[in-house]
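Trainee: Below: one structure in structure tokens.
The values are calculated or read from the model by the stated rules, or taken from the named source; none is laboratory data. Since this is a predicted model, take the numbers as computed values, not measurements. Cβ coordinates were reconstructed from backbone atoms using ideal geometry, including for glycine residues, and neighbour counts include every protein chain displayed.
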Amino acid sequence: MNTLLRGLLLAAAVTGTGAQAAVTTVTPADMGPGLNKWNTANVRSGSSAAITNTNPRNGNGSVEMSLADSVGKADFAYTWGYDTTRTLGSLNTLSYDWYRAASSNAADHFQPAFRLFYDADGDASTTGDTGYLIYENIYNGNNVTEGAWRTDNIIGANFWMRQFTPGNTVEAFDITLAEWMGGAHPTAVADILSTRTAILGIEFGIGSGWNGSFTGFVDNVSYGFGNDVTTFNFETAAANDVPEPGSFALMGLGVFAALAARKRKRA
Ligand SMILES: [Ca+2]
Ligand SMILES: [Ca+2]
């Protein structure tokens, strides 16, 4: 069995049943402003965030993020906007790989945080009910090991709420996504979420307020709503011999049909 076929079959096995998982390669050339594109955000002076070949989790790249002091901050964001199929009620996959470099001297618990951008009632015409639900390791076990990649499957994890209008941190750090969706309201002003809460995008980032320096990496960011599952693999350049991402489902006969089509195309 050739390497490509074995890889595809393995991918199909890992994917399981039902979901049409697609791996999307993201290179620097794919980035930019607007919807459905990764872009850097809030990168302050002395901080950085970029796809580099310094420490790939897989392939040839990952997102390298660094800051030098407590004002440092850098984010990577991907926004799709309002999509009625992408709600807190349909969200079923959320994971990312992250790494804290041993050269970091900020407090031991800091690692790249993960954020869901929400609109509480899913109605774009009401804008005072948007914010972030934020995952941080410190509220989920606090066990960072430096110099090692880690995969965090965070669909069942605790998230805290940061409201946008007005800006407010809801001081509650032990609430799961399921509990938020069930209407948890730990403070009077917290947004009340439900199955209809729109998820508008995802982000990960470092800082601010991290006293000291930090260098870390992120790769293989996955989200899923029902059967709509995507994994982003950050790469410095796309491999020439990889099939176009998302061009077919890695399932059953689809694998063989795609291979046959590819072979015909090359002939
Ligand atoms: Ca990669
Ligand atoms: Ca709204």
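Trainee: Got a sec? Which of Ile192, Ile134, Ile138 is among the β-branched types (Val, Ile, Thr), within 20 Å of the chain's Cα centre (by Cα) and not in a strand (DSSP E or B)? First the steps, then the outcome.
Mentor: Working: Ile192 fails: within 20 Å of the chain's Cα centre (by Cα); Ile134 fails: not in a strand (DSSP E or B).
It is Ile138.
Trainee: Within the range 145-155, does at least one residue satisfy the condition of being closer than 21 Å to Asp83 by Cα, among the aliphatic types (A, V, I, L, M) and either within 22 Å of the chain's Cα centre (by Cα) or assigned to a strand (DSSP E or B) (or both)?
Mentor: Yes, some residue in the range 145-155 is closer than 21 Å to Asp83 by Cα, among the aliphatic types (A, V, I, L, M) and either within 22 Å of the chain's Cα centre (by Cα) or assigned to a strand (DSSP E or B) (or both).
Trainee: Any idea which of Thr93, Thr27, Thr3, Thr54 is away from ligand 1 (no atom under 16 Å from the Cβ), modelled with pLDDT of 95 or more and among the β-branched types (Val, Ile, Thr)? So that I can check it myself, show each step before the final result.
Mentor: Working: Thr27 fails: away from ligand 1 (no atom under 16 Å from the Cβ); Thr3 fails: modelled with pLDDT of 95 or more; Thr54 fails: away from ligand 1 (no atom under 16 Å from the Cβ).
Matching residue, one of Thr93, Thr27, Thr3, Thr54: Thr93.
Trainee: Among the residues of the range 163-177, is there at least one that is in a helix (DSSP H, G or I) and modelled with pLDDT of 95 or more?
Mentor: Scanning the range 163-177 turns up at least one residue that is in a helix (DSSP H, G or I) and modelled with pLDDT of 95 or more.
Trainee: Next up: Among Thr85, Thr93, which is the only one that is assigned by TED's automatic domain parsing to the domain that holds Asp121 and not in a strand (DSSP E or B)? Steps first, answer last, please.
Mentor: Details: Thr93 fails: not in a strand (DSSP E or B).
Just one listed residue meets the conditions, Thr85.
Trainee: Another question, if that's okay. Can you tell me which of Phe114, Phe76 is closer than 28 Å to Leu193 by Cα, in a strand (DSSP E or B), within 16 Å of ligand 1 (Cβ to nearest atom) and in contact with a strand residue (DSSP E or B) (Cβ under 7 Å, 6 or more places away or on another chain)?
Mentor: Details: Phe114 fails: within 16 Å of ligand 1 (Cβ to nearest atom).
Criteria check complete, one pass: Phe76.
Trainee: How many residues does the range 195-244 contain that are surrounded by fewer than 22 Cβ atoms within 10 Å (Cβ to Cβ), assigned to a loop (DSSP other than H, G, I, E, B) and either within 16 Å of ligand 2 (Cβ to nearest atom) or touching a residue at least 12 places away in the same chain (Cβ under 8 Å) (or both)?
Mentor: So the answer is 17.
Trainee: In the range 156-170, which residue that is crowded, with 17+ Cβ neighbours inside 10 Å and not small (Gly, Ala, Ser) is nearest to the chain's Cα centre (by Cα)? Full working, then the answer.
Mentor: Going residue by residue through the range 156-170, those that are crowded, with 17+ Cβ neighbours inside 10 Å are 157-161, 163, 170.
Subsequent filtering for residues that are not small (Gly, Ala, Ser) retains 158-161, 163, 170.
On the way: Asn158: 16, Phe159: 14, Trp160: 16, Met161: 17, Gln163: 20, Val170: 22 Å.
Among residues in the range 156-170 that are crowded, with 17+ Cβ neighbours inside 10 Å and not small (Gly, Ala, Ser), the one nearest to the chain's Cα centre (by Cα) is Phe159.
Trainee: What residue, among those in the range 171-194 that are surrounded by 13 or more Cβ atoms within 10 Å (Cβ to Cβ) and of a type in the set (S, T, N, Q), is farthest from Asn140 (Cα to Cα)?
Mentor: Across the range 171-194, the extreme among qualifying residues is Ser194.
Trainee: Arg86 passes all but one of (1) away from ligand 2 (no atom under 16 Å from the Cβ); (2) within 18 Å of the chain's Cα centre (by Cα); (3) charged (D, E, K, R); which number fails?
Mentor: Unmet for Arg86, out of (1) away from ligand 2 (no atom under 16 Å from the Cβ); (2) within 18 Å of the chain's Cα centre (by Cα); (3) charged (D, E, K, R): (1).
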